[in-house]
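The values are calculated or read from the model by the stated rules, or taken from the named source; none is laboratory data. Owing to the predicted nature of the structure, the values given are computational and were not obtained by experimental measurement. Here the Cβ is made from the backbone with ideal geometry for all residues, glycine too, and neighbour counts use every protein chain on show. When the accessible area is computed, the model is the full protein with side chains, heavy atoms only, and any ligands, DNA or RNA have been set aside. Shrake-Rupley method; radii C 1.70, N 1.55, O 1.52, S 1.80 Å.
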Amino acid sequence: MIRVLLAEDQAMVRGALSALLNLESDIEVLGSAADGEAAWRELQRLKPDVLVTDIEMPGLTGLELAQRIQRHELPMKVIIVTTFARPGFLRRALDAGVSGSLLKDAPAENLAEALRLVHRGGRAIDPQLALEAWSEADPLNDRERQVLRLAGEGQSASDIASQLNLSHGTVRNYLSEAIGKLGAANRIEAYRLARQKGWL
């Protein structure tokens with residue numbers, strides 16, 4: 001049996017996934033969680049073979065959950081299901097040790113097949129996601145990404161400078177580089193664009 005934990009913040013989607021997977025003779029849904037922190041507690045308690053998680057969730061995102069599993073070297077596979085084919089997400093998911101990445105609008109049987117493949121040690125990546133991942137490279141470096149994320153969260157250049165131990169001028173330079181690379185009019189637009197692409 002492939003023992004599965006579901007992490008999905010939308011109750012209807014969570015219920016539908018659970019019902020569909022329980023129809024499979026070789027898959028057992030051990031439990032489900034509505035947010036990332038609850039999923040983290042449940043996966044430590046239930047020790048599933050595979051975690052199926054949404055990418056956008058309250059508390060911890062699916063990506064952050066995968067990173068935490070990788071950091072703690074827990075012996076379970078992760079499949080991420082997402083609504084959006086954002087280029088940056090798949091690369092970051094693979095870096096976090098994710099074994100599968102699927103779009104939510106794929107046929108239901110694709111998830112069961114992906115679970116079997118991942119459980120056997122393979123990788124299951126939606127072709128559309130794979131195509132998107134290589135269509136556009138992330139132009140930001142780590143420091144630009146860090147500064148832009150903080151600016152997008154509403155912090156001033158002075159706040160960012162003191163938080164990152166940088167000078168005010170250096171922070172402004174990173175922000176203007178990020179804005180320029182993204183072809184944005186200002187830091188808010190740059191933040192929004194980078195979020196849409198999955199680069200933040």
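Of note:
- Restricting segment 64-73 to residues that are among the charged types (D, E, K, R) and over 10 Å from the mean Cα position of the chain (by Cα), the residue that is least open to solvent (accessible area, probe 1.4 Å): R68
- Some residue of segment 17-37 being surrounded by fewer than 16 Cβ atoms within 10 Å (Cβ to Cβ), of a type in the set (D, E) and touching a residue at least 60 places away in the same chain (Cβ under 8 Å): yes
- Any hit, segment 132-141, residues being of a type in the set (D, E), modelled with pLDDT under 90 and within 19 Å of A184 (Cβ to Cβ): yes
- Evaluation of M12 against (1) in contact with a strand residue (DSSP E or B) (Cβ under 8 Å, 6 or more places away or on another chain); (2) open to solvent by 30 Å² or more (accessible area, probe 1.4 Å) (one fails), failing number: (1)
- Single residue of segment 38-63 satisfying the filter (closer than 20 Å to R91 by Cβ and at pLDDT below 95) that is surrounded by the fewest Cβ atoms within 10 Å (Cβ to Cβ): E56
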